[in-house]
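Okay, structure first, notes after.
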Amino acid sequence: MPVVIQPDIIYRRTEPPENPVDMLVLAAHPDDAELACGGVIAQMTAEGKRVAIVECTQGEMGSRGTPKIRREEAAKAAQILDLTERWNLHIPDGNIDASQENVAKVIAAMRYFRPNILMFPPEFERHHDHENAHRLVRAAYFQSGLSKFEVNVFGQSLPTYRPKRLFCYMQTYEFEPDFYVDVSAHFETKLQSYYAHASQVYVPGAAQNQAEPQTLISSPEFLEFLKARARHFGGKIGAQFAEGFYSVEPLGFKSLSDLLR
Ligand SMILES: [Zn+2]
């Protein structure tokens, strides 16, 4: 019997939807993708590529904001980044386990969007939801290639699929990236998409919400940290701003000519 999945569509750019996408970004919480890899997302969509974001939880355990506010903010950020589509899987915040139901939800996203590149959280992180989302994606990646794991999305049973590239983005804890991407020309768009999550983050020039608890990312210092890291990574590759990633599988090239542009 197929598992029936009905995702919550936060944003869809066109009807009918544009599939497949070039890159799918899987995230634990509604603001994670923008914070970690908003630069490469903005870059890809500016180049005419299709990018979708799927977040696991509504962030309902967060100290600030509500699921309703965070949903509106995620839709606004999707417009800023010019995503093709954005989903929320409604997995309980703080409890992203790799149950068969949750695995089926992520398989639904992989088979529906059929991305070449899958971006997701690293395995060692400050927030346990990020680590658990990593493990959930790894479990779903493998099982998405199994024909006996049947998943029905929007009334359709979709064929098996595994993304070609599995890349992890950087969140709070740092790792030695396998590669860096020059996002200088798109860093301002990244920041605008990040500011769209106004209930969560510090927005320069905006009235600050003092009524809610302060968190790591609601402080001006965190924004400075985010910029400084991107500047530091940029310096390593002769760019102004860069984002760093690691590849789950070894990166290979058909020819060194691939690097000649
Ligand atoms: Zn998060």
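FYI, it's all coordinate maths here, none of it is from the lab. Since this is a predicted model, take the numbers as computed values, not measurements. Note: ideal-geometry Cβ built from the backbone for every residue, glycine included; neighbour counts use all protein chains shown.
What FRET efficiency comes out for E150 versus N95 if R0 is 25 angstrom and r is the Cβ-Cβ distance? Round to the nearest 0.05.
Working from the Cβ atoms, E equals 0.50.
Compute the distance in nm between two label points, each set 7 Å from the Cα along the Cα-to-Cβ direction, one at E123 and one at Q6.
Computed distance between label sites E123 and Q6 equals 3.7 nm.
S218: net charge of surrounding residues, Cβ under 12 Å, Lys/Arg +1, Asp/Glu -1, itself excluded?
Charge balance in the 12 Å sphere: -2.
Among D82, D258, rank each residue by its count of other Cβ atoms within 10 Å, from fewest to most, as a rough exposure measure.
The fewest-first ordering by Cβ neighbours comes to D258, D82.
If you take the Cα Rg of the chain and divide it by 2.2 N^0.38 Å, with N the number of residues, what do you get?
After normalising by residue count via 2.2 N^0.38 Å, the value is 0.97.
For every other residue with a beta carbon closer than 13 angstrom to the beta carbon of E131, add +1 if it is Lys or Arg and -1 if Asp or Glu, then tell me the sum.
That sum, taken over residues with Cβ under 13 Å, equals -2.
Take the alpha carbon atoms of the stretch 80-224, find their radius of gyration, then divide it by 2.2 N^0.38 Å using N residues; give the quotient.
Against the compact-globule rule of thumb, the ratio is 1.20.
Round to a whole angstrom and tell me the spacing of the C-alpha centers of the stretch 142-166 and the stretch 97-111.
When both Cα centres are located, 9 Å separates them.
With Cβ to Cβ distances under 15 Å as the rule, what net charge do the other residues near F175 carry (K, R +1; D, E -1)?
-4
Can you sort L136, L223, L259 by how many other beta carbons sit within 10 Å, fewest first?
L259, L223, L136
If you take the beta carbon distance between E72 and R231 as r and set R0 to 25 Å, what does 1/(1 + (r/R0)^6) give as a FRET efficiency, to the nearest 0.05?
0.20
What FRET efficiency comes out for E176 versus A206 if R0 is 25 angstrom and r is the Cβ-Cβ distance? Round to the nearest 0.05.
E(calc), rounded to 0.05, equals 0.10.
Search the structure for amide H atoms under 5 Å from the amide H of W87, placed 1.01 Å from N in the peptide plane, and list their residues when 5 or more places away or on another chain.
Amide H to amide H, under 5 Å and 5 or more residues apart or across chains, W87 pairs with I10, I53, V54, E55.
If each residue of separation counts as 0.36 nm, what is the full-extension length gain between S255 and N19 once their alpha-carbon separation is subtracted?
82.0 nm
Name the residue, out of T189, T215, T160, whose mean-square fluctuation peaks in a Gaussian network model built on the chain with Cα pairs under 10 Å.
The residue with the greatest mean-square fluctuation here is T215.
Could you identify which residue out of Q210, Q79, Q240 has the top mean-square fluctuation in a GNM of the chain using Cα springs shorter than 10 Å?
In this elastic network of the chain, the residue with the biggest mean-square fluctuation among Q210, Q79, Q240 is Q210.
Arranged by the count of other C-beta atoms within 10 angstrom, fewest first, what order do V106, V153 take?
Final ranking by Cβ density, sparse to dense: V153, V106.
Could you calculate the contour length gain from F142 to T160, that is, 0.36 nm times the residue separation minus the distance between their Cα atoms, to one decimal place in nm?
5.5 nm
So for each of 88-99, 39-50 I average, over its residues, the number of other beta carbons within 10 Å; can you give me the resulting order with the highest mean first?
Result, highest mean Cβ count within 10 Å first: 39-50, 88-99.
In the Gaussian network model of the chain, springs joining C-alpha atoms below 10 Å, which of E18, E212, E131 carries the largest mean-square fluctuation?
Looking only at E18, E212, E131, the largest GNM fluctuation is found for E212.
Roughly what % of DSSP beta bridges within the stretch 1-127 run antiparallel, to the nearest 5?
Of those bridges, close to 25 percent are antiparallel.
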